[in-house]
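Each remark here refers to the structure printed beneath this line.
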């Protein structure tokens, strides 16, 4: 009887903590942390993220799937391009705000990633043409950078 009660209580606690556990597991990967650091300044096209990380777009998309599934990022299509940004959900914001100071030690490398991402802004991924501007949580700070159309496959 006692064992059943303890087991039932443990299951209830585990069930209520499952979303947080899944989110933390998803964040526990260096590539996904780099993606989050890139997106901290605003939305990017998946092709731009792939270029900065020097990875195939399919690999980046796989990492983004986990981040999207746990509600950490959101994505939408702009023409034929997929854009991503940090989610502005009340449940995710505290996790992200707690994460930034923990990443301070890697800030020099992460800053290089952000500089490279700003330089990759391309005409085809014009954020002003985004069909769903209401999905953006902040004004874009990277939209005024010089375009380079050749960044798309």
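Read-outs: derived from the displayed coordinates by stated rules, not from any lab. Computed from a predicted model, the values in this text were never measured in an experiment. Every residue, glycine among them, receives a Cβ derived from its backbone with ideal geometry; neighbour counts consider all protein chains shown.
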Quiz item: Working out 0.36 nm times the residue gap between residue 76 and residue 33, then minus their Cα-Cα distance, what length gain in nm do you get to one decimal?
Solution: 13.4 nm
Exercise. Compute the distance in nm between two label points, each set 7 Å from the Cα along the Cα-to-Cβ direction, one at residue 91 and one at residue 54.
Key: 3.7
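Could you put 20, 99 in order, starting from the residue whose Cβ has the fewest other Cβ atoms within 10 Å?
20, 99
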Quiz item: Tell me, 48, 105 in order of fewest to most beta-carbon neighbours within 10 Å?
Solution: 105, 48
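If R₀ is 22 angstrom, what is the calculated FRET efficiency for the pair residue 103 and residue 62, using the beta carbon separation as r and rounding to 0.05?
After rounding to 0.05, the efficiency reads 0.55.
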Quiz prompt | Point-to-point label distance, residue 112-residue 15, nm (Cα→Cβ direction, 7 Å offset) | solution = 4.8
